[in-house]
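These notes are about the structure you will find just below.
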Amino acid sequence: MSLDLSTLNEQQIKAACCDKRAVLVTAGAGSGKTRMLTHRIAYLMEEKGVKPYNILAITFTNKAANEMKERLERMIPEASGLWVSTFHSMCVRILRRFIDRIGYTRNFSIYSEQEKENVLKRIVKELAEDRSSSLYGQDTKELDKLRKRASSIISDAKNEALSADDYFGINDYDDDAEALQTIFEQYEKALKKNNALDFDDLLVKTYVLLKSDSDALSYYRRKFEYIHVDEFQDTNVVQYMLIKILAGDTGNVFVVGDEDQCIYGWRGANIGNIVDFSKDFDCEIFKLERNYRSTKNILDLANSVICNNSQRLDKTLWTENSDGEQVTVFCARNETNEAEYVADVIKKLVDYGEYSYSDIAVLMRLNALSRTFEERFLAYNIPHKVYGGFKFFERKEIKDLLAYLRLCVNGSDTEALLRIINFPKRGIGAGAVGQLINYSDVMGQSLYATVMGIAENTDLPTALQKKVVPLKNVLAYLSESAEKSKPHELVELLVKLLDLNSVFGDDTEENINRKLNISYFAESIKQYEESNPEATLEDYLQMITLYSDLDGMDDGEDCVALATVHSVKGLEFKVVFVVGCEEGIMPLTRSMDSSNELEEERRLMYVAATRAMQKLYITWAASRFMYSERKYTVPSRFLKEAGFKVGNSQPLASQARERAAMYTRSAYDENIAAYGSRTGAPSYKTEQTAVKQKDAPSGFEIGTAVSHRKFGRGKILSLAKEAGGVYAEIEFEKFGKMMLSLQFAPLEIIDEK
């Protein structure tokens, strides 16, 4: 036995050793909650003689479950017998034993999200073909929207353990309620017929089983004498109902959570569960407020922001760590300037030997913001890995658009055609594609030729021809336009031809990201054209291909993390950049009309800030290209809440259009013309001045031929001096013109003699 409570602080010990049946531990960021929770379980076994068989521990990820299990087994070898699992894994084990009690067999299938969507597509299609259905003959686009709504409603209902009747009894005001309820009911019948459950069913069917079968409920109540739940703030309604029904009258439930880190409301997490728990159970409440991760200045900012939320238990993080450096806020002219600044600071932090790349994270609210950072990191040879989303040019919507553009250049590119043959949805399924491919093979022609000649072809079924003609028309018009349009104009035309604003019309976070990605994609092409007026579409596609092939960092390598805030919850980094801190991005525009959603946005800011251990940088751009146009922005309200002054006699956005401004908490002077950190953080301006040759690194002159590790050969066109050092405008043979720092860019002089 290696239980050693001396590794816990006073509050952790009190919580871990509490004899009260129900315990709520509200644990702030970096407060050591996992260590406390494992010691609690070890304490029950060692000091109270509880058998591992009678202990249940629930976490939210398989990784967290495995880590907790390993910790416990190192402390107490006998711990191998206890259940440590996610909610879903626990429910599968229960259902495999007792699901026959509610009409399924134990070899039930578990449907993935894609399989769920396939079932719904089939149901909607059948209803649209049924003359007695209200959906008969409806427009395909409207049917697709209805299917997506039905999918979301089914998940929402199951997260609250509601049947179709129950849900629409509450939501009968919906104009499509009758059709949606029919889809819901048909979906449930289809799953039952297939002896299948979706992921939401794993939870709700377990609750139905326990509620309806006294033998199963009695068995698990006797088994799980002590229940522990980590990340309790992330539980949804049905998960909380499962906890309550399993606990029964004994109420031996120990939950650990932090309402300030509840950031998954979009997938059903209910912050009210923490408040409800304190009411439903006669519980003892402990607060873990000591933070072991961050400096005092970082915690000061986090506390100042989160205290503006009303849906929280009162607590204030504190630490015995040093004050550390002041938090730095940087106002950029635009998104390119923002990425340049972040890359510049990262290079200085690493090159001066203070940090490794893996110590650093760049966090954003939307993964659509990552493109400019990826490009700058590539330019300065900063190794990086994108988390919480695909790399920009690997995202589905971008690869789909690139496939259309590739067909403008090369009609023989069958892979590109196969990628977009049914995007957007045209009803060209696998069978139809197979027919087209077989016909192409028989005729000895490309798939593209078959598609383009579809209207004159009488050998293929009429129904198939009707499906393919719209694709043929798009490709023909696009090909004709490519001869007289600039590449960025071609993308704008493509968006209209495909009606992508309707395809991604639902106001979901996923669709917001997709539309932003598409607008950034068009802007990236426009920027390339401005730097390379003679460049063709083929040149751009070649450049993108080279960019895409430059990555490939493996796990464990020394690289900067580029991530959404959602994807790094539970992680920590020595240095954190929180970028895009503007109204409309953090917080999102759609949250501003809802106090609940706005509070979740504020929790995202809190989570982002508390990932930082030693240094925290917050950036925003005074103008940003969004939704196909450049817009001037204002800084996020969270900066003002954090104590930053964000204005003086001139509007800050106006100043930022003239210069980049850096200012720090408690270090802002309203009377100075330009702002600088007074705490030793790298200063940064963007005014360019003429460069004297002595200022430039030896050998780098106008006209000098150079080689970049990733971009290849180029020639220096001009030199400019900025606060960050000397910059060179270089025209690369394959990538066109770029402005790069001579201090950090991996450049070598080519001797052309």
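The values are calculated or read from the model by the stated rules, or taken from the named source; none is laboratory data. Everything numeric here is computed off the predicted structure, so don't read it as measured data. Note: ideal-geometry Cβ built from the backbone for every residue, glycine included; neighbour counts use all protein chains shown. Keep in mind that these areas ignore ligands, DNA and RNA; they rest on the heavy atoms of the full protein, side chains included. Shrake-Rupley method; radii C 1.70, N 1.55, O 1.52, S 1.80 Å.
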- Item | Filter result (in contact (Cβ under 8 Å) with a residue 24 or more places away in the chain, open to solvent by 10 Å² or more (accessible area, probe 1.4 Å), farther than 19 Å from Leu191 by Cα and in contact with a strand residue (DSSP E or B) (Cβ under 8 Å, 6 or more places away or on another chain)) within the range 86-99 | Thr86
- Note on the structure: Gly272 fails exactly one of (1) over 28 Å from the mean Cα position of the chain (by Cα); (2) modelled with pLDDT under 90, namely (1)
- Item | Count - residues of the range 475-495 that are more than 32 Å from the chain's Cα centre (by Cα), aliphatic (A, V, I, L, M) and open to solvent by 20 Å² or more (accessible area, probe 1.4 Å) | 2
- Message: Please go through (1) open to solvent by 30 Å² or more (accessible area, probe 1.4 Å); (2) within 19 Å of Asn252 (Cβ to Cβ); (3) touching a residue at least 40 places away in the same chain (Cβ under 8 Å); (4) out of contact with any Gly (no Cβ under 9 Å at 6 or more places or on another chain) for Tyr53 and return the number of the only condition it doesn't satisfy.
- Response: (4)
- Filter the range 305-322 down to the residues that are open to solvent by 30 Å² or more (accessible area, probe 1.4 Å) and touching a residue at least 40 places away in the same chain (Cβ under 8 Å), then identify the one that is nearest to Arg630 (Cα to Cα). Asn308
- Message: I'm trying to understand the selection: among the residues of the range 22-50, which are over 14 Å from His228 (Cβ atoms), small (Gly, Ala, Ser) and surrounded by 21 or more Cβ atoms within 10 Å (Cβ to Cβ)?
- Response: Gly28, Ala29, Gly30, Ser31
- Message: For the range 422-448, give me each residue that is farther than 27 Å from Lys125 by Cα and either among the aliphatic types (A, V, I, L, M) or outside any helix (DSSP H, G or I) (or both).
- Response: Val442, Met443, Gly444, Gln445, Ser446, Leu447
- Message: Take the residues in the range 449-464 that are over 13 Å from Val433 (Cβ atoms) and outside any helix (DSSP H, G or I); name whichever of them is modelled with the highest pLDDT.
- Response: Gly453
- Message: Out of the helices (runs of 4 or more DSSP H) lying entirely within the range 152-259, which hold 1 or more residues that are touching a helix residue (DSSP H, G or I) at 6+ places or on another chain (Cβ under 9 Å), in contact (Cβ under 8 Å) with a residue 60 or more places away in the chain and farther than 24 Å from Leu24 by Cβ?
- Response: 177-193, 199-212, 214-223
- For the range 679-753, list the strands (runs of 3 or more DSSP E) that sit wholly inside it and hold at least 1 residues that are open to solvent by less than 20 Å² (accessible area, probe 1.4 Å) and modelled with pLDDT under 85; which are they? 712-722, 725-732, 736-741
- Message: Is it the case, given these coordinates, that Arg419 is open to solvent by 10 Å² or more (accessible area, probe 1.4 Å), among the basic types (Lys, Arg) and either modelled with pLDDT under 85 or outside any helix (DSSP H, G or I) (or both)?
- Response: no
- Message: Looking at the range 124-145, can you tell me whether even one residue there is in contact (Cβ under 8 Å) with a residue 12 or more places away in the chain, open to solvent by 60 Å² or more (accessible area, probe 1.4 Å), out of contact with any Leu (no Cβ under 9 Å at 6 or more places or on another chain) and hydroxyl-bearing (Ser, Thr, Tyr)?
- Response: yes
- Message: Would you confirm whether or not the range 532-546 contains a residue that is among the aliphatic types (A, V, I, L, M), open to solvent by less than 10 Å² (accessible area, probe 1.4 Å) and modelled with pLDDT under 85?
- Response: yes
- Query: under 30 Å from Ala621 (Cα atoms) and surrounded by fewer than 21 Cβ atoms within 10 Å (Cβ to Cβ): does that describe Lys425?
  - Reply: no
- List the number of the failed condition for Ser133; all other conditions in (1) at pLDDT 90 or above; (2) over 24 Å from Tyr104 (Cα atoms) hold. (1)
- Please work out which residue is farthest from the chain's Cα centre (by Cα), limiting yourself to the range 608-623 and to residues that are of a type outside the set (Ser, Thr, Tyr) and surrounded by fewer than 24 Cβ atoms within 10 Å (Cβ to Cβ). Gln614
- Within the range 42-57, the residues that are touching a helix residue (DSSP H, G or I) at 6+ places or on another chain (Cβ under 8 Å) and under 19 Å from Cys18 (Cβ atoms) are Ala42, Tyr43, Met45, Val50, Asn54, Ile55, Leu56, Ala57
- Task: Go through (1) open to solvent by 80 Å² or more (accessible area, probe 1.4 Å); (2) in contact (Cβ under 8 Å) with a residue 24 or more places away in the chain; (3) not charged (D, E, K, R) one by one and return the number of the condition Thr462 breaks.
- Result: (2)
- Hey, among the residues in the range 556-600 that are under 25 Å from Tyr292 (Cβ atoms) and assigned to a loop (DSSP other than H, G, I, E, B), which one's least open to solvent (accessible area, probe 1.4 Å)? Val565
- Query: Does Ile102 fit the bill of being closer than 27 Å to Asn236 by Cα and open to solvent by less than 30 Å² (accessible area, probe 1.4 Å)?
  - Reply: no
